Structure formats: C-alpha cells, structure tokens
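First the structure, in the form of structure tokens, and then the observations on it.
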Amino acid sequence: MSSGVGPRAGKAKDQVDFKRYGLPRGDPYRHRDLDPRQERDRALLVDFAGAPLDEIGEQLDQAAATGRAAAFLLSGREATGRTSLARLIAHQYRELHQLGDDFRLIVYDEIDHDSLRRAQEVLKAIRNELMELGGWGEHRDRLLEVVPNGPTRPEILDLQAQAGFLANYMRKRMKPAWTLGLLIEGMQNDDFLDTLAVVFARVDLLVVVTRDDYRTADTADPDRMKERDRWRRWALPVQVPLLSGEDVDLLARNRWQHEAPDLECPFELKGIRDTFGARRPPVGRALHWLGWLLEWRLRKYSGDECWPAARNLRIPAQWIEESVQQAESAPPHAEGGLRRVR
C-alpha cells in the first residue's frame, strides 16, 4: 500500500511534523511484525473479535498435557498479521512451558513444492541451529551424521527418526538444554501438513505454518486440504480475520494511547467504524490507512497551533470517508494526486 501523494511524496513526507499531534516519535500507525517478548510490542497486541485466541490456548494446553507437538496452520491474506500472531503463539508456548532464553524460534521460508524434500530442509535448518548454539566443534560431526547433507530423496520414516533424534539431542545432550520452535512461512502443497504430522508425530515442540489465503501456483489448495484428515487431527487451523469497523476503531485507539496517552485521539471514531466496517481491511492495510489519514490531515493544515488546541486537526467522519473514496479512485501514479491504496 502506498502512503504518499504522487512522485513528490518523499519530499512532502519529510515536511510533515507529527509533533503537531503531540507525537515526537512520528506516525504511531507504522506497520511491522510485533514481538510479544518485548514489553513495548505487547502493549500493541489487541484482541480482535474474530481471532480464536481461546482455541489457540486450548490447543497449547492439550499439547502440553499429552506431550505432543503444538501445531497450528495460520491462513490469511497479505498483511493480516499472521507472523505477529505466530510470534504471540510462540510467546504463549514459552510462558506455558516456563522457558526463558533457552527457547529459540526458527523461521523457515524457502519455497519447495516437494513436501518430503521441504520437510528434510526444515530438519537441516534445525540441525544447523543446534550446531550454532552448541558450538561447531562439540556437536558438528554427530549432527551431520544423523541429519546429513546428502541429495538423496528421503523416506518419511527416516525423517521422523531424525526429528526425534534432534529433539532428544537438544534436551539431553546439549548443555544448557535448548527448546526450539518452528515458524514455517508459506505452504506450497496441500500434503505438506500431512508430512509434518508424520515427521513430528513423536516430538514435543511448537510448529506454526502460515498459508497465503489466495489461489496461486505457490499456495496449497484449500479444497484439497479439507479432504485430508491426518493434519486436521494434528494441527489447529486458524483463519486470521479481516477487521470489522469496531476492530479498526480499537486499533486506532490502542496505537494512539500507546504513543500519546495524555492527548485525545483526533479521529472521529464513528467515521472509522463506518468507513472501514464497509471495507473489512486486513490489519496491515488498516494501519496504513490510519497513518495516511493522519499524515494527509497534517499536510492540509496551515495553522500554527498544535493538537488539541488546533481543532482543525480533528479528523471528522465525513472527511475520513471522502478521503478514502478519493484515494481509491485516483490513478496509481497521478501527478500531485492521491495514489490508489492497494
């Protein structure tokens, strides 16, 4: 999504003074992945109405009680907050198991349409992480012996044995012991989770897989996935929701309160609810819209006073809707005009 206006947007953006809104650190609606381990980020995590946080907690509890993997499939459109939710799940897993700095989340995002080969590469990524954590000299030879670099096509039960070995090795052979979680970004084949369910069947760890909710050549087909039972017995499917108008209202107030707790939020929140309730944006796009509206209001302001004394900096409901409509209808590269927000 673009948050500028025309080709000169970079220069204009530098001239926007967010301090007029009492925001010394700039735009409070910057979109980024949130890490719940950081106190500052935890305050920015909000409980949207459609997020199944209770089901996620139950899945974590059941996995802990049975000693099996806590596995999740997070599906959603771009900028819905899948990675932030994955990191929140990892944080909850870490707290549930009372883990400290001995927990490490491995992120794997290489594309491969061969599910067995991709699972094999995930195990190699775990192996490499253990070698780095334990020191090459002490662990390298044994780990490379059990999880080799060979190009041969793996058998799924061999991969299961390797996964069990790595789990046992990190807990019993490494000093100090380590606990690892997996965040696998992207799912190309509809049998990939079935493969993971077998490979990690006897391993107690966290596995989170994200899936783009689009029908493309690099995305697992949702209809074929529904026909598979094995992975559904192993992993909890989570549809990361698009936001309602009330969700965007909550998002706007939460981010503002975090950056300027002593100042009134300038948005007329009914306008936020009405405008974005009709559009149902993902969280990333909602944040870009809020930041763009705030910035655009500042560029239209020519006074000397600051908010809240400067009542012209208030962002009324009708102006929100009209500005969004104008941005949506503008050519993508109009000279001096609003770019289309995608």
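The values are calculated or read from the model by the stated rules, or taken from the named source; none is laboratory data. This is a predicted model, so every value here is computed, not measured. Here the Cβ positions follow ideal geometry from the backbone for every residue, glycine too, while neighbour counts run over all protein chains shown. To get the accessible areas, we keep the full protein, side chains included, count just its heavy atoms, and leave off ligands, DNA and RNA. Shrake-Rupley method; radii C 1.70, N 1.55, O 1.52, S 1.80 Å.
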Completion exercise
Taking segment 179-194 and the residues there that are open to solvent by less than 10 Å² (accessible area, probe 1.4 Å) and of a type outside the set (A, V, I, L, M), the one that is nearest to residue 106 (Cα to Cα) would be 181
Exercise for the section: Please identify the pairs in which a residue from segment 100-120 that is within 20 Å of residue 133 (Cβ to Cβ) and open to solvent by less than 20 Å² (accessible area, probe 1.4 Å) has its Cβ atom under 9 Å from the Cβ atom of a residue that is in a helix (DSSP H, G or I) and not polar (S, T, N, Q), counting only partners at least 6 apart or on another chain. Expected result: 103/90; 103/93; 103/94; 106/122; 106/125; 106/126; 106/129
Practice task
Can you give me the number of residues within segment 122-158 that are open to solvent by 60 Å² or more (accessible area, probe 1.4 Å) and either assigned to a helix (DSSP H, G or I) or closer than 16 Å to residue 108 by Cβ (or both)?
Solution key: 11
Completion exercise
Residue pairs within 8 Å by beta carbon, gap of at least six or interchain, first lying in segment 159-175 and at pLDDT 90 or above, second of a type in the set (D, E, K, R), listed first then second, are 160/202; 163/202; 164/202; 166/127; 167/204; 169/142
Exercise for the section: Scan segment 176-190 for residues that are more than 16 Å from residue 103 (Cβ to Cβ), at pLDDT below 95 and among the aliphatic types (A, V, I, L, M) and jot them down. Expected result: 187
Practice task
Check whether at least one residue in segment 91-98 is assigned to a loop (DSSP other than H, G, I, E, B) and open to solvent by 30 Å² or more (accessible area, probe 1.4 Å), and report yes or no.
Solution key: yes
Practice task
Note down all Cβ pairs under 8 Å where the first residue falls in segment 203-223 and is open to solvent by less than 20 Å² (accessible area, probe 1.4 Å), the second is among the polar types (S, T, N, Q) and at pLDDT 85 or above, and they're at least six residues apart or on different chains.
Solution key: 205/179; 210/75; 210/83; 211/75; 211/219; 219/188; 220/188; 220/189
